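The values are calculated or read from the model by the stated rules, or taken from the named source; none is laboratory data. Because the structure is predicted, anything quoted here is derived from the model rather than measured. Note that we place each Cβ from the backbone using ideal geometry, even for glycine, and neighbour counts take in every protein chain shown. The accessibility values were calculated without ligands, DNA or RNA, using every heavy atom of the protein model including side chains. Shrake-Rupley method; radii C 1.70, N 1.55, O 1.52, S 1.80 Å.
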Amino acid sequence: MGEELQVFGTHVSPFSRRVELALQLKAIPYQYIEEDIPKKSPFLLKYNPLYKKVPVLVHNGIPLVESLIILEYIDENWKTNPILPQHPRERARARFLANYIDDKVFPSWIKAARSGREGREKAVEEACKALEPLENELKSNKFFGGDSIGLVDIVGIFVGYWIPVMQQALGFQILTTHRFPKLTKWSQELLKHSVVNQALPPKHDLSSYIQACYPHHLGSKL
Ligand SMILES: N[C@@H](CCC(=O)N[C@@H](CS)C(=O)NCC(=O)O)C(=O)O
């Protein structure tokens, strides 16, 4: 029986792009449905009544929510191009880092983007500090997953693409070659990857979206 897969997402969301990226890396066909977040569709409200957020993966009519859980589900269902490592200890480490990105890195960046003139320097420094464990984790590897893209790379796409675009759009200096040489190189490698490259929202779309979200920061440089 053929599989029916739908992804409900928004094109500027790093969370929905994770799910699309995992499916595309495994060459699994799916239907994409763009949600308008200010005007959520009855499908989104039905499929994700508790959080009312994208992404939602609907597999043969059954909805799954929360991007990290969806990524694990995809990896368990479709074994080609595994995104989690094989060894239990490495699997645990990958899960830890994926959670760390969501619990610490993402909120610290949003706080920096929202900060007012006074608290901004401190917030930017905190966002930099939150990136340090990731810089140290990379060692001499091409990707967090080794030679191929894995869970942490997929979840870290926020760091590899969203942060560089956001800092350019808002005039921040967080992910710099000087302070984060390994993360910068990793980000370049990641964006060079043909599947990743195709799966990302165009830079100008993302930039305009960010500038509309944080208009008070335009042109302010640190
Ligand atoms: N923890 C969730 C976060 C998803 C999330 O924040 N989605 C945003 C779009 S980037 C959303 O749907 N927001 C709608 C809302 O907050 O009402 C996940 O990993 O899937």
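Structure data summary
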{"read-out": "Fraction of beta bridges assigned by DSSP in the chain that are antiparallel (%, nearest 5)", "value": "70"}
{"read-out": "Tensor-based shape of region 5-77 (alpha-carbon gyration tensor, a/c under 1.5 rounded, otherwise prolate or oblate)", "value": "prolate"}
{"read-out": "Ranking by accessible area, most exposed first, for LYS203, LYS52, LYS192 with a 1.4 Å probe", "value": "LYS192, LYS203, LYS52"}
{"read-out": "At q = 0.13, 0.14, 0.19, 0.22 Å⁻¹, base-10 log of I(q)/I(0) for region 55-126 (Debye sum, equal scatterers on each alpha carbon)", "value": "-0.57, -0.63, -0.85, -0.96"}
{"read-out": "DSSP bridge pairs, region 5-77: antiparallel proportion in percent, nearest 5", "value": "65"}
{"read-out": "Computed magnitude of the charge dipole of the chain (debye, nearest 20; Cβ of K, R +1, Cβ of D, E -1)", "value": "500"}
{"read-out": "Selected from LEU45, LEU190, LEU134 as most flexible by GNM, with the chain as the system and alpha-carbon contacts under 10 Å", "value": "LEU45"}
{"read-out": "FRET E, pair ASP36, THR176, Förster distance 45 Å, beta-carbon r, rounded to 0.05", "value": "0.80"}
{"read-out": "Computed [θ] at 222 nm, helices only, for the chain once each DSSP H run of length n ≥ 4 contributes -39500 (n - 2.57)", "value": "-15000 deg cm²/dmol"}
{"read-out": "Amide proton proximity set for GLY145, modelled H, under 5 Å, gap of 5+", "value": "GLY150, ASP153"}
{"read-out": "Pairwise FRET efficiency - ILE28 versus LYS139, Cβ, R0 = 30 Å, nearest 0.05", "value": "0.45"}
{"read-out": "Over 24 Å between alpha carbons, listed pairs LYS129/LYS185; LYS79/LYS139; LYS52/LYS111; LYS40/LYS79; LYS53/LYS111", "value": "LYS79/LYS139; LYS40/LYS79"}
{"read-out": "Peptides 144-155, 32-43 ordered by average Cβ neighbours within 10 Å, highest first", "value": "144-155, 32-43"}
{"read-out": "Relative intensity, log₁₀ I(q)/I(0), of the chain from a Debye sum that treats every alpha carbon as a point, q = 0.13, 0.16 Å⁻¹", "value": "-0.77, -1.16"}
{"read-out": "Label point 7 Å beyond Cα of THR80 along Cβ direction - residues of region 20-45 with amide nitrogen under 17 Å", "value": "20-31"}
{"read-out": "The chain: relative contact order as a whole-number percent, Cα under 8 Å and 6+ apart", "value": "20"}
{"read-out": "Viscosity 1.567 mPa s, temperature 4 °C, Stokes-Einstein D of region 88-217 from Kirkwood C-alpha radius, µm²/s", "value": "86"}
